[in-house]
1. Just to be sure I understand the filter: pairs with C-beta atoms under 7 Å, separated by 6 or more residues or on different chains, first member in the range 65-86 and more than 19 Å from CYS128 (Cβ to Cβ), second member away from the ligand (no atom under 16 Å from the Cβ) and part of a helix (DSSP H, G or I). Which pairs pass?
2. I'd like the residue in the range 125-178 that is part of a helix (DSSP H, G or I), away from the ligand (no atom under 16 Å from the Cβ) and in contact with a Lys or Arg (Cβ under 8 Å, 6 or more places away or on another chain) and, out of all such residues, is nearest to ILE76 (Cα to Cα).
3. For LYS95, state whether it is charged (D, E, K, R), more than 22 Å from the chain's Cα centre (by Cα) and more than 16 Å from the ligand (Cβ to nearest atom).
4. With respect to GLY402, is the statement that it is over 30 Å from PRO331 (Cβ atoms), assigned to a helix (DSSP H, G or I) and within 19 Å of the chain's Cα centre (by Cα) true?
5. Check off (1) of a type outside the set (A, V, I, L, M, F, W, C); (2) in contact with a helix residue (DSSP H, G or I) (Cβ under 8 Å, 6 or more places away or on another chain); (3) within 16 Å of the ligand (Cβ to nearest atom) for TYR421 and give me the number that stays unchecked.
6. So LYS104 ticks every box in (1) buried (at least 20 other Cβ atoms within 10 Å of the Cβ); (2) basic (Lys, Arg); (3) assigned to a loop (DSSP other than H, G, I, E, B) but one. Which box is left unticked?
7. From the list VAL268, VAL251, VAL337, VAL301, exactly one residue is buried (at least 17 other Cβ atoms within 10 Å of the Cβ) and in contact with a Leu (Cβ under 6 Å, 6 or more places away or on another chain). Which is it?
8. Scan the range 185-194 and give yes if some residue there is modelled with pLDDT of 95 or more, under 30 Å from VAL403 (Cα atoms) and within 27 Å of the chain's Cα centre (by Cα), otherwise no.
Amino acid sequence: MTVRLNDTYMKPFVDEKELASIKDEVLDAHKSLLAGNGEGSDFLGWINLPNDYDKEEFERIKKASLKIRKSCDIFIVIGIGGSYLGARAVVEFLKSPMYNNLKKETPDIYFSGCNISAQALNDLLSICEGKDICINVISKSGTTTEPAVAFRVFRELLEKKYGKEGAKERIFVTTDKCKGTLKKFATEEGYETFVVPDNVGGRFSVLTAVGLLPIAVSGIDISALMQGASDAAEFYTKTDDVDKNDALKYVALRNIMYRHGKSTEILVSYEPYATMFNEWWKQLYGESEGKDGKGLFPASVIFSTDLHSLGQFIQDGSRNLFETIVSVKEPDEKYAVPYDEANVDGLNFLAGVDLNEINQKAMKGTILAHIDGGAPNILIELKKRDEYSLGYLLYFFEYACGVSGYVLGVNPFNQPGVEAYKKNMFALLGKPGYEAEKKILEERLK
Ligand code: PA5
């Protein structure tokens with residue numbers, strides 16, 4: 001199995017009757033998702049995406065990625081939320097969070113337009129000095145403030161450096177197929193464009209051009225990534241038995257936890273390369289489920305680092321949490337602890353032992369300690385750290401997310417809550433049309 005859910009460490013916290021009784025709800029949600037008769041059914045394009053994608057565009061993505069790799073030292077990906085996290089998660093998971101410091105034949109990749117920080121923008125502009133640059137601006141709506149500001153800045157930089165015509169060859173736009181400001185602008189300027197499908201929401205878009213172009217630029221095999229997702233889709237959508245379908249089992253277990261008052265789910269990895277994968281997962285679940293006063297709060301940690309900080313809380317603090325661990329079964333890198341003649345730290349009993357073995361023991365010891373402390377653990381085992389397996393895992397979490405939202409009784413495919421801050425920000429900034437709101441907000445801020 002490429003992805004396997006091990007529920008051994010949930011057993012003390014879930015009784016068989018409880019599991020049996022939630023199974024019907026999970027199966028109903030699974031069927032409703034596939035039948036497209038639940039809430040948000042306009043946004044189910046991601047379900048068949050790994051098989052039913054635009055093959056011509058897929059080849060264009062590969063071609064564009066080769067062109068980008070040949071023509072720049074720095075590739076800047078501009079986007080936020082669902083138009084950012086998937087690409088970064090995959091690049092860092094498969095290539096290392098230290099990607100930009102590695103010796104490689106691909107450009108350094110930086111992400112911009114994912115905050116409103118002058119410091120971050122200036123830092124990146126300094127890094128760009130004297131370097132050849134390409135950019136990929138990604139925005140489904142085309143109007144999101146953060147990426148729009150960054151796009152202004154980098155477009156101007158490219159036009160100054162290469163002229164309007166030269167810049168055109170270095171600007172790649174991923175946006176709606178036909179509508180929106182960005183699409184119109186890209187067409188007018190003659191930039192190469194890629195599509196965010198209408199029926200795929202941002203947080204489910206990692207396997208569209210949104211994720212695939214930056215991922216391909218990093219040298220990752222996007223065909224293998226899609227193949228993994230495709231095999232996962234085949235399995236998880238067609239296996240109607242919660243005991244055999246781990247995506248459905250995950251839905252059952254996490255909803256039981258929620259009903260027990262364990263309303264925080266912590267995604268755990270023992271590898272720093274999963275840091276941005278955790279961020280992707282948090283957006284996927286947080287934005288999909290956190291609404292109507294409901295939802296599990298998705299948090300994340302990297303162990304053993306965070307065992308020296310949040311580990312205290314998880315072991316011993318409020319008992320409103322459980323953990324979901326993603327563990328890679330066959331690690332690709334090894335490193336043996338060196339022997340030290342003086343043995344000043346008393347660690348010679350570990351000399352020659354691979355760090356993976358120590359990491360595994362840390363994981364097993366922590367699981368037992370945490371379940372003893374009352375924090376249930378779901379263990380998700382990933383066969384390998386490669387494109388195929390990661391594609392499988394991405395789909396596992398996406399599919400479970402759709403089903404879980406329906407079990408929870410929310411529409412997992414909208415995000416009405418993200419508009420509130422935007423409205424206030426625009427009003428406070430004096431955007432035309434927001435005059436009345438501005439007055440009210442300024443009064444409240446006095
Ligand atoms: O998941 C989502 O829908 C959001 O996170 C969006 O992706 C994010 O707000 C960016 O939107 P856009 O792609 O329209 O710029």
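1. SER65/ALA216; SER65/VAL217
2. LEU158
3. Details: charged (D, E, K, R): yes; more than 22 Å from the chain's Cα centre (by Cα): no; more than 16 Å from the ligand (Cβ to nearest atom): yes.
Considered against the rule, which asks whether it is charged (D, E, K, R), more than 22 Å from the chain's Cα centre (by Cα) and more than 16 Å from the ligand (Cβ to nearest atom), LYS95 comes out as no.
4. Yes; evaluated as a whole, the condition is true for this residue.
5. It is condition (2) that TYR421 fails.
6. Here LYS104 clears every test but (1).
7. Working: VAL268 fails: in contact with a Leu (Cβ under 6 Å, 6 or more places away or on another chain); VAL251 fails: in contact with a Leu (Cβ under 6 Å, 6 or more places away or on another chain); VAL337 fails: buried (at least 17 other Cβ atoms within 10 Å of the Cβ).
Checking each option against the conditions leaves just VAL301.
8. Just the residues of the range 185-194 that are modelled with pLDDT of 95 or more, to begin with: 185-194.
When the remaining residues are screened for being under 30 Å from VAL403 (Cα atoms), the result is 194.
Narrowing the set further to residues that are within 27 Å of the chain's Cα centre (by Cα) leaves 194.
Yes, because at least one residue in the range 185-194 is modelled with pLDDT of 95 or more, under 30 Å from VAL403 (Cα atoms) and within 27 Å of the chain's Cα centre (by Cα).
The values are calculated or read from the model by the stated rules, or taken from the named source; none is laboratory data. Just so you know, these numbers come straight off a predicted model, no measurement behind them. Cβ: placed from backbone, ideal geometry, glycine included. Neighbour counts: every protein chain shown.
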